[in-house]
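Asker: Starting off with a structure, shown below.
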Amino acid sequence: MDPTTDNAAPTGDPSAARAALEALRAEIAKAVVGQDPAVTGLVVALLCRGHVLLEGVPGVAKTLLVRALAATLELDTKRVQFTPDLMPSDVTGSLVYDTRSAEFSFQPGPVFTHLLLADEINRTPPKTQSALLEAMEEHQVTVDGTPRPLPEPFLVAATQNPVEYEGTYPLPEAQLDRFLLKLTVPLPSRQEEIDVLTRHASGFDPRDLRAAGVRPVAGPADLEAARAAVAKTTVSPEITAYVVDICRATRESPSLTLGASPRGATALLSTARAWAWLTGRDYVTPDDVKALALPTLRHRVHLRPEAEMEGVTADSVITALLSHVPVPR
């Protein structure tokens, strides 16, 4: 598949598309043990045309998860290891002089793909981090004054390590806000870890997904049909007001110095619609909003230093707010 070309207009049926996306979990489970919430979050991000920040310690299958998702959707994927010496052109591409034609030609960078895994994004300087901003927001990159569109669908799955912050460049709030979801990828349970080791003892090779039995169960047409169906999911005025009340509550919390912006409210509404459709409904309920509140808002709020010293987390603040904001009936 050529990731530099757009896909044809969707022809898939919404019901068939939902069934295909639901089958992703079982297919990805052939390679990745557990991590169902992360799989669901990545699918929601694809439906909403958003991007995902994956946070977890090394070795919890973040890279494998993205590769398995790409394999099940027949999408192209590339991985970039972000390091302190990585240049913006290493991500976006650059003009290369061709001695035979005596002209400059554009050499696309790894960002020209469907699923870009930006590994340890906080280990590269802000200049290179910002090279992703235009790609994430505008779905294009500009090189030498010429805008170049990225393939569709396009998703950035950026990872960061929650430990070892020495020598890193924390993402600024403006860039964090560009990520639709922040998903935590936890360590596996004891039984899940036993399952992982059993698979490896049986010859499982994470570099060969086809040998593991991972097969495409959906495609770009299914994804476009699903996106069209999500856009038709009904949102009542009461639900809209509920989303606004939650986000406004984060701005008034004494534990936070920064609450969710209107972009955060828009993101929460979008993810709740996608989740409602995935669960088989054509309307959004308060439970849909609650289900996506943590991954959608946790990276859009900023704790006060004194609250952080007391062990308060963004998740605990948002959870407390959800229990106090009146739920529409």
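The values are calculated or read from the model by the stated rules, or taken from the named source; none is laboratory data. Keep in mind it's a predicted model, so treat the numbers as computed, not measured. As a convention, Cβ positions derive from the backbone with ideal geometry for all residues, glycine included, and neighbour counts pool all protein chains shown. The accessibility values were calculated without ligands, DNA or RNA, using every heavy atom of the protein model including side chains. Shrake-Rupley method; radii C 1.70, N 1.55, O 1.52, S 1.80 Å.
Asker: Report, in cubic angstrom per residue, the convex hull volume of the C-alpha atoms of the range 150-247.
Answerer: Spread over its residues, the Cα hull of the range 150-247 gives 244 Å³ apiece.
Asker: I would also like to ask the following. To one decimal place, what orientation-averaged projected area in nm² is obtained for the convex hull of the Cα set of the chain?
Answerer: Averaged projected hull area, Cα only: 19.4 nm².
Asker: For the range 95-171, which chymotrypsin sites (Phe, Trp or Tyr not before Pro) are both in a DSSP coil and crowded by at most 16 other Cβ atoms within 10 Å?
Answerer: Those that pass, being in a loop and sparsely packed, are Tyr165.
Asker: Pick out, in residue order, every one of the trypsin sites (Lys or Arg not before Pro) in the range 148-239 that is DSSP loop and has at most 13 other C-beta atoms within 10 Å; say none if there are none.
Answerer: Arg207, Arg210, Lys232
Asker: Also: Determine the share of the chain's accessible area contributed by carbon and sulfur atoms, expressed in whole percent, with a 1.4 angstrom probe.
Answerer: 54
Asker: For Lys78, give me every one of the lysines with a C-alpha distance below 30 angstrom, ignoring sequence neighbours fewer than eight places off in its own chain.
Answerer: Result set, ordered by chain and number: Lys30, Lys62, Lys127, Lys182.
Asker: Something else about it: Could you tell me the center-to-center distance, by alpha carbons, between the range 188-267 and the range 268-297 in angstrom?
Answerer: That distance is 10 Å.
Asker: Name the shape class, rounded, prolate or oblate, that the alpha-carbon gyration tensor gives for the range 47-96, where a ≥ b ≥ c are the square roots of its eigenvalues, rounded holds for a/c under 1.5, and otherwise prolate holds if a/b is larger than b/c and oblate otherwise.
Answerer: Judged from the Cα gyration tensor, the range 47-96 comes out oblate (a/c at least 1.5, b/c at or above a/b).
Asker: Could you list the GluC sites (Glu not before Pro) in the range 62-170 that lie in coil according to DSSP, counting only those with at most 14 other Cβ atoms within 10 Å of their Cβ?
Answerer: Glu164, Glu166
Asker: Okay, next question. Could you tell me which of rounded, prolate or oblate describes the range 204-329, using a ≥ b ≥ c as the square roots of the eigenvalues of the alpha-carbon gyration tensor, with rounded for a/c under 1.5 and, failing that, prolate when a/b is larger than b/c and oblate otherwise?
Answerer: oblate
Asker: Any idea what the alpha-carbon Rg over 2.2 N^0.38 Å comes to for the range 113-193?
Answerer: Normalised by 2.2 N^0.38 Å, the Cα Rg of the range 113-193 equals 1.28.
Asker: Restricting to DSSP H runs of at least four residues, report the calculated mean residue ellipticity at 222 nm for the chain, -39500 (n - 2.57) per run over all residues, nearest 500 deg cm²/dmol.
Answerer: -13500 deg cm²/dmol
Asker: How large is the Kirkwood hydrodynamic radius of the range 62-160, in angstrom, based on all distinct alpha carbon pairs?
Answerer: Across the range 62-160, the inverse of the average 1/r is 14.1 Å.
Asker: Given Cα pairs under 8 Å that are at least 6 residues apart, what percent is the relative contact order of the range 227-277?
Answerer: Relative contact order, the range 227-277: 43 percent.
Asker: Provide the per residue accessible area, probe 1.4 Å, for the chain, rounded to a whole number of square angstrom.
Answerer: I get 47 Å² per residue for this part.
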